[in-house]
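The values are calculated or read from the model by the stated rules, or taken from the named source; none is laboratory data. Since the structure is predicted, the reported quantities are computational estimates derived from the model, not experimental observations. Backbone-built Cβ (ideal geometry, glycine too); neighbour counts: all protein chains shown. For accessibility, only protein heavy atoms count, side chains too; no ligands or nucleic acids. Shrake-Rupley method; radii C 1.70, N 1.55, O 1.52, S 1.80 Å.
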Amino acid sequence: MEQFIYDIPTKVYFGKDKLCYLGKVLSEYGTKVFMIFNGDYIKTSGIYDLVYKECNDQHLKIVEFTQVSPNPRHTDIQDGVNLCRKEKCDVILAIGGGSAIDSAKAIASCFYIDAPVWD
């Protein structure tokens, strides 16, 4: 399969060694990354270390959030929103499958709303 960059308007860096763009892309949005993931897979696979390296190379600070579950509970999402606000994060990075992505979307959509997530 060929490697490519897909942009409509979301960019998808696809192929071997494309993680090397991560720090540069995240740094376009700020200096503090809210990283959402769950499970040991990203640590045992080496993804965790690669993400940290790329972020450190760009002098980005990472705030970890691991309260991720299938069909995320509103209480976990509220905890994520609260932590993201408290830490004044600039960008959200979801690593993993659909549950991490769903949590990231929910946290991002509630970040600027001054109301409980359930509302």
The aspartates and glutamates whose Cα lies under 15 Å from the Cα of Lys32, excluding any fewer than 8 residues away in the same chain, are Glu54, Asp57, Glu64, Glu87, Asp90
List the relative contact order of segment 46-119 as a percent without decimals, with contacts defined as Cα pairs under 8 Å and 6+ residues apart. 33 percent
Helical segments meeting 30 Å axial Cα length and Kyte-Doolittle -1.0 threshold in the chain (DSSP H): none
In whole Å, what are the extents of the chain along the principal axes defined by its C-alpha atoms, from largest to smallest? 45, 31, 28
How much area per residue is accessible in the chain when the probe is 1.4 Å and only protein heavy atoms are counted (Å²)? 66 Å²
Chymotrypsin sites (Phe, Trp or Tyr not before Pro) restricted to DSSP loop in segment 12-119 with at most 12 other C-beta within 10 Å: Tyr112, Trp118
When only DSSP loop residues count, what trypsin sites (Lys or Arg not before Pro) in segment 1-77 have their Cβ near at most 11 other Cβ atoms within 10 Å? Lys16
For the chain, what % of the accessible area comes from carbon and sulfur atoms, probe 1.4 Å? 53 percent
Those GluC sites (Glu not before Pro) from segment 27-119 that are DSSP loop and have at most 15 other Cβ neighbours within 10 Å turn out to be Glu28, Glu87
For every helix of n ≥ 4 consecutive DSSP H residues, a contribution of -39,500 (n - 2.57) applies; sum these over the chain, divide by its total residues, and give [θ] at 222 nm rounded to the nearest 500 deg cm²/dmol. -11500 deg cm²/dmol
